[in-house]
Structures are given as structure tokens and as C-alpha cells.
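Report on one structure; see the data block that follows.
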Amino acid sequence: MELFVPGVVTLLVAWLVYYFLMPRASIYVLGGICIVSVFVAYYHHRKLFPYEYNLSETKEILKDYAPFITLMFTILLLRIILAQVKGTSGGEAAVAAINSAKASAAAGVGAIAAALPQIPQMPEMPKLPQMPQMPQMPDLGLGARANNGSRVNNRGNIGRRNNIASTSFKET
């Protein structure tokens, strides 16, 4: 019984908030309540299940790989120190390798292009005849003319579009 009553009280309070407070609140208030609720839920969940969070932390996952990470960091640090002592950064060899790869790729593309058959040039497209321009749009037969591009439509409304739908469709 001690678990039933708090659950019913919680549902009753949630129902009261849902039906009486939420419809009157603005979007910003609701967004703030949601953000606060997420942080409170995270804090509560972390307090309820601390052992699961401790097992899933990054330091626990990487604990098995610590020797390899230390070894790779040491090798990288020694390589940087060696480059500083020698006075080269190792970049010249990388640039030479990239240039040779570019040259071989260009030679390969040239060989492929020479092996392809020659594609004939497409002739120029014929020009279409000019369509006659209509001086004004025709009468639609609905009591209004179509907007002919001017700022003043046929009813004299400046800057409004010519909407022939009745106002009953626009009102809710």
C-alpha cells in the first residue's frame, strides 16, 4: 500500500499540471521545464544506479589499453624529439611521395584517355521560335481577373495577391 498511494498522488498531480497549467504556459516556459526535467532525471538516475555509470566511464573502458596508449605516445614523442634534434620534420619525404603519386596518376589517366575512342562533337542545338506574348491574362470567369504582374490588382488592393477563394475557407 505504501507504493500505491504515492503513485496515485503522482498521477493526480501530473494530470492537474497537464490539463490546467501546460495549456496556459508559453513555449519558452515549457522548454525550460523540459530542460530542467532532463537534468533532474539524469541526476536521479545517476544516484540510483552509480555502479552502472562507474563501469561505463571512459577511464574504465580504456584501462585495458593503457600500456598500448602509453607506448604509442612514447614513440610519437621520441619521433618529435628526433626530428627536432636532426633539424628536419620529415615533411620533405612526404611531399616527394605525393608528387610522385600525382605524376604516376597523371600518366595513367593520359594512357586511358589515349585508349578511348574519340567522341564526336555535339552539333549546336536549334533555336526555338519565339512564342507570342499575351498582352493581358484572360478573365477567369470567377468575378476576378488574374493578377497581371502589377502591384495593384484588379480590385485595387495594393500589394496583395489576388485570392479568389471565399473568406469562409480562410477563417477557422
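The values are calculated or read from the model by the stated rules, or taken from the named source; none is laboratory data. Just so you know, these numbers come straight off a predicted model, no measurement behind them. Glycine gets a Cβ as well: all are built from the backbone with ideal geometry, and neighbour counts include every protein chain shown.
Residue-by-condition table, conditions (1) in a loop (DSSP other than H, G, I, E, B); (2) at pLDDT 75 or above:
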{"site": "Asn99", "(1), (2)": "no, yes"}
{"site": "Ala114", "(1), (2)": "no, no"}
{"site": "Pro117", "(1), (2)": "yes, no"}
{"site": "Gln130", "(1), (2)": "yes, yes"}
{"site": "Arg155", "(1), (2)": "yes, no"}
> Can you spot a residue in the stretch 25-33 that is loosely packed, with under 10 Cβ neighbours inside 10 Å and either touching a Phe, Trp or Tyr at 6+ places or on another chain (Cβ under 9 Å) or aliphatic (A, V, I, L, M) (or both)?
Replying inline: yes
